[in-house]
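Peer 1: First, the structure itself, so that you have it in front of you.
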Amino acid sequence: MIVNPAAETAKYIDGLGAEALEKAANYTAGNHWMLLWGLLVSALVTWIIVRWGVLDRIAQKLENRSSALRIWLIAVSFLLISSLLSLPWGVYEEWVRESAYGRTSQPLADFLTQDAISMVISALLGGLFFLGVYALIRKTGKRWWLWSGGLAGLAISAGLLLSPVLIEPIFNDYKPVPEGPVRAALLVMADDAGIPHDRLLMFDGSRQSNNFTANVSGVFGTARIAISDVAMKEASLDEVKAVTGHEVGHYVEGHIWRMVGLFALLAMLGFFLADRLFPAFARVFGSKTSVDDPRGIPVLIFIMGLFGLLGQPLINTVIRQGERDADNYSLRTVNLPDALAGALVKTAEYRYPRPTALQETLFYT
């Protein structure tokens, strides 16, 4: 029998129904616009902090402190203040809108509590990172951007190693996959990937999201397979196996290190552009600082954020290639193509499955 892949794919997608497809299209297009609105919010927050002289006053109060403590506290203060100023936008983007589209059932109080914890952790760790950046600016001179890109790669690697054991358990409850057919099947995959059986876990992903998901996180001794309870409830055994095979493919083929290298290179380029463009952006925001002054961190971070947004199509292209490789790994090792297709259709509820070529290139991972 001759199979027409395009026609069969269309049947899978049409099975969602016209109403669900329209909802997915609206949700996805809205996400793309949110990127632009988020940049504008970031610009407004940067302008407010600079024009109000917030960091100038903080720096003045810390002038008798050691240089390292002063830089760290200025960076932490900025990250906390900017997060608080942008909190209304974050609540709309991550909770109001997600609730309206049925992508989350998380109570607002729980969302705000977890967001506050995340805000503090990000500020403390982000402060350490920028302490390193400003130290490199002082010690390496004109090539600080090159060394800072390397520092970004090290920071990402450390996060990958430590996050599964120190950060992720703060937000979700991870337990062993219960005994049964699912666990038995996944133990075989864990053995193939070299992941210990005690790292085969299920987590309460439904606490934050109603999306169908599984992942392999961590590196070396912290690597683990984690499956959301949403996937466990909504998917068949074959679908769980096919999706887990996809995630194991990411781990076995080292896709995470490809991304670490890419982000390190992009960080180098971003810091290079920040070094060259800082005076112009500082004038736009009304800042009288230079790139080596920690009081200029709002301008530095805005430039990096802008570059990150412009570089998104390149990042997405690399991610898409990794996703195709992971699909192929699942097909080679698990060999459940119908189950993989069925699982992917479930993600189409929140990722419109019929983008234009331009939309796919710019926005799709």
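Peer 1: Of all the residues that make up region 213-267, how many are in a helix (DSSP H, G or I) and farther than 27 Å from Leu314 by Cβ?
Peer 2: Adding up the residues that qualify gives 17.
Peer 1: Turning to a different aspect of this structure: Is it fair to say Glu234 is modelled with pLDDT under 90 and in contact with a Lys or Arg (Cβ under 9 Å, 6 or more places away or on another chain)?
Peer 2: In short, yes.
Peer 1: Just for region 339-361: of the residues that are of a type in the set (Val, Ile, Thr) and either closer than 14 Å to Asp327 by Cα or in a helix (DSSP H, G or I) (or both), which one is modelled with the highest pLDDT?
Peer 2: That would be Thr361.
Peer 1: Does Leu84 fit the bill of being in a helix (DSSP H, G or I) and more than 19 Å from Gly38 (Cα to Cα)?
Peer 2: no
Peer 1: Further question: Checking the structure you have, find out if any residue of region 49-70 is in a helix (DSSP H, G or I), under 23 Å from the mean Cα position of the chain (by Cα) and modelled with pLDDT of 95 or more. Can you show your working first?
Peer 2: Our first condition is that a residue be in a helix (DSSP H, G or I); within region 49-70, this holds for 49-51, 54-61, 67-70.
Next cut, under 23 Å from the mean Cα position of the chain (by Cα) only: none.
Taking every residue of region 49-70 in turn, none turns out to be in a helix (DSSP H, G or I), under 23 Å from the mean Cα position of the chain (by Cα) and modelled with pLDDT of 95 or more.
Peer 1: Of Ile74, Ile121, Ile167, which residue is closer than 26 Å to Leu273 by Cα, β-branched (Val, Ile, Thr) and in contact (Cβ under 8 Å) with a residue 40 or more places away in the chain?
Peer 2: None of the other options fit; the residue is Ile74.
Peer 1: Residue under question is Val284, and the condition is that it be part of a helix (DSSP H, G or I) and closer than 29 Å to Arg97 by Cβ; does it hold?
Peer 2: Here the answer is no, as Val284 does not meet what is asked.
Peer 1: Still on this structure, please answer the following. Looking only at residues that are under 21 Å from Pro337 (Cα atoms) and polar (S, T, N, Q) in region 212-227, which one is surrounded by the most Cβ atoms within 10 Å (Cβ to Cβ)?
Peer 2: Asn215
Peer 1: Could you check Ala339 against (1) farther than 26 Å from Gly38 by Cβ; (2) among the aliphatic types (A, V, I, L, M); (3) under 22 Å from the mean Cα position of the chain (by Cα) and say which number it fails?
Peer 2: Every listed condition holds for Ala339 apart from (3).
Peer 1: Here's something else I'd like to know. Considering only region 105-128, state which residues are among the small types (Gly, Ala, Ser) and under 17 Å from Ser82 (Cβ atoms).
Peer 2: Hits for region 105-128 are Ala116, Ser118, Ser122, Ala123, Gly126, Gly127.
The values are calculated or read from the model by the stated rules, or taken from the named source; none is laboratory data. All values reported here derive from a predicted model rather than from experimental measurement. All Cβ positions, glycine included, derive from the backbone under ideal geometry; neighbour counts span all protein chains shown.
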